[in-house]
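The values are calculated or read from the model by the stated rules, or taken from the named source; none is laboratory data. As the structure is a prediction and not an experimental result, all values here were calculated from the model. No Cβ is skipped: glycine too gets one built from the backbone with ideal geometry, and neighbour counts run over all protein chains shown. The accessibility values were calculated without ligands, DNA or RNA, using every heavy atom of the protein model including side chains. Shrake-Rupley method; radii C 1.70, N 1.55, O 1.52, S 1.80 Å.
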Amino acid sequence: MKNFKSIMMGMQAQSKAFLNRLYVDRFSADPEATEDEKVFTCRSLDFWFQGTGRRNAERVLLMIALPSEGLANIVCKGKRTDDSISAGGLENDVAPVGTYLLGKLEPRIQEWNENNKNDNKAREKAQFFVQKPGNRMLRRSGLTFDERRGKFVLRMLFQVPLINGVSVNGKAAYRGVADLLDLVEETILCLDQDELEEYVRTYRRQQQIRNFLKANGYCAFVANGSILPREKDCDSPMQGAIPFASPKELEVEIPLSDENSEAYDVGAVAGDACTDLGTSGYGETQTSITGMAIPCGITVITGGGYSGKSTLLDALEAGIYDHVPGDGREYMIAEKSALKVCAEDGRPVSQLNLSAFFKFLPGKPLEAFSTEHASGSVSQASNILEAVCGGSQLLLIDEDKSATNFMIRDQMMRLLVEDEPIIPFTERVTELWKEQGVSTILVIGGSSEYLHLADQVILMKDFCPRMITGAVKELLQTQDVRTNKKICQFKVADDLDMQESMGAVAKTELQECLPAANWQFSRRLLVKETSQPFLFFRTVETENEKKVILDEYSADVTMLTAMSSHEQLCTLTVVMERLLTDPQGVDREIMENVAVFLEDLLKKGKTGSIMPETQSWFYEEIRPLDALCCINRMRGAEFKAK
């Protein structure tokens, strides 16, 4: 700390360009290299700085390595002694620990900022900005795990105080950092161990549930007592909402284990869904959780208006993430690759093979179809194909947001329209499941076309689910809804020849056997050619939380509803910048490139991006699938289909 003080005192009234003396990596060719004299120590905390650019040199990144002893004792509680203090044991729990620590540190640091703020001369006071976590346990750049040090590292933006907005106020900067370190150390030492253990325990249970679902052929799980509805304009559980109760036919009991920990009472949150099963070896407390498990395959959720169909589907989409204790959805688990697909009129499509869903399209080849303004049916077909290309194992489809002519084509329309180019989704949904292993959950309220295809049918009434698969199958047999007897008798013209021709169409079209679809599984990005030694953008930004803009490239991500935070959108923007400037990108699949970029971004926190600092200094984990969906919507991007 004395070394840091001497450096800051030496900068008093100096140009802000002198702040580069604090940077760890200023002259190093290796961005991971550190200089011992520039890693400072204050009691149990190590800290260091990184620059953010010459334009705003007073904004630097402050990294604080948190003491690992206390955190290790809490986080590794429940792990056997042979791996309890290993770096891997800590790193595996970085999502729950990071979410909890940021949730405790962010409000206290924000309060310190408010108390230390000078409204008249804001730049003469030190200010610190920490990433604000939401209700999802995700990896965030605001708190990472340093494998080399074996410690969690808190990353924040430090606005160095300036004198008259020009020269460094070294004294105020030193006092601000010293006060902040005291605040951080006090917060870490006074952590509520029970709360942190609850975060880690909940996260580990969520992983156990995911493993159980995968091993037993389920695609989603909703614990009894979960709260699905959200409050208006926020993500908090709705007060007075009806707790979820599983239909008996779909109810399963999932065994869980909490090693070396007391039995965890989930009843306060999950409606007594967890049951204590006693204790076994290694001090493990055996528990179980009960709820509705949806088998893989084709599931139809039906019901009247305002019965909770879409609410359940939205909650299933949220189940791709692990939620914090108290959210009401912490034991709502869905296949991590689940993707909600819908119609997006006007989205671009580039070099996509649409032969799975179209017999022909006027004037354009199906095998490499491109358009700047896709119709509803083309856009929804493209979304499904891109989801399959990205490895999605679960499609979530809401009838209200779908293209009707793509979703269904009843007997009457098959008779009336002979040369229909669209192959409706009803003809491919079973093939997707049986041949590709892709399950589908559909919310249907206005058509019975999918009932005969469904493996299970759930009826929602007043937000309560009922299993009606058996009753639906009996009804289908009784009503004979798939026959065309009445339709062939329908008189559409006085000409008897017309009626006879319609009967002939019914016998052929309704019984048509389609060839197997040609599902496209390769997607590579073509980067534009340039004479420059490297590619770069002059403009990289987001717009209204809905658009990603990189010079002449732009993508509307409004319908990518799995990404709901500003930090995720910033992560997506940086990944797009990396993809579109990587000249070797065409040699690898887009998904492979994205996985590498994300790991680099979330672990190191370094982007090389020119995105304005006014947008974000922090990033949040996204799925490579979401990045693939974004680049597919990028106007101006070109692809090489293999």
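Miscellaneous remarks
- For the set Arg230, Arg578, Arg175, the ranking by accessible area, highest first and with no ligand, DNA or RNA atoms included, is Arg175, Arg578, Arg230 under a 1.4 Å probe.
- Sorting His373, His323, His566 by solvent-accessible area of protein heavy atoms yields His373, His566, His323, largest first, with a 1.4 Å probe.
- Loop-resident sites, segment 533-576, for trypsin sites (Lys or Arg not before Pro), counting at most 12 other Cβ within 10 Å (DSSP): Arg538
- Percent carbon-and-sulfur accessible area, segment 376-477, ignoring ligands, DNA and RNA, probe 1.4 Å: 50
- Once backbone amide H atoms are built at 1.01 Å from N, Glu621 has Arg139 as its partners under 5 Å, excluding neighbours fewer than 5 places away on the same chain.
- Rounded to the nearest 10 Å², the accessible area of Lys640 at probe 1.4 Å: 110
- The spacing between segment 407-430 and segment 221-238, judged by their C-alpha centroids, is 37 Å.
- Computed from backbone phi with θ = phi - 60° and the Karplus coefficients 6.51, -1.76 and 1.60, the 3J(HN,Hα) list for segment 403-411 is 7, 4, 5, 8, 6, 9, 8, 6, 4 Hz; x is used for glycine and proline.
- Burial ranking of peptide ranges 429-438, 152-161 (average Cβ count within 10 Å, highest at the top): 152-161, 429-438
- Three-way shape label, segment 336-426, alpha-carbon gyration tensor, a/c 1.5: oblate
- Computed over segment 165-261, Cα set: Rg, Dmax in Å: 22.5, 71
- Prolate/oblate/rounded call for segment 387-482, Cα gyration tensor, a/c under 1.5 rounded: oblate
- When you filter the GluC sites (Glu not before Pro) in segment 339-380 for DSSP loop state and at most 13 other Cβ atoms inside 10 Å of their Cβ, you are left with Glu367, Glu372.
- Between amide H atoms placed 1.01 Å from N, distances below 5 Å from Leu526 occur with Glu638, Phe639, Lys640, all of them 5 or more places distant or on a separate chain.
- Out-of-range pairs (alpha-carbon distance over 22 Å; input Lys214/Lys340; Lys401/Lys547; Lys461/Lys546; Lys528/Lys640; Lys16/Lys117): Lys461/Lys546
- Remark: segment 315-428 carries 31 Å² of accessible area per residue (probe radius 1.4 Å; ligands, DNA and RNA excluded).
- Modelled spin labels at Leu361 and Asp194, positioned 7 Å past Cα toward Cβ, are 6.0 nm from each other.
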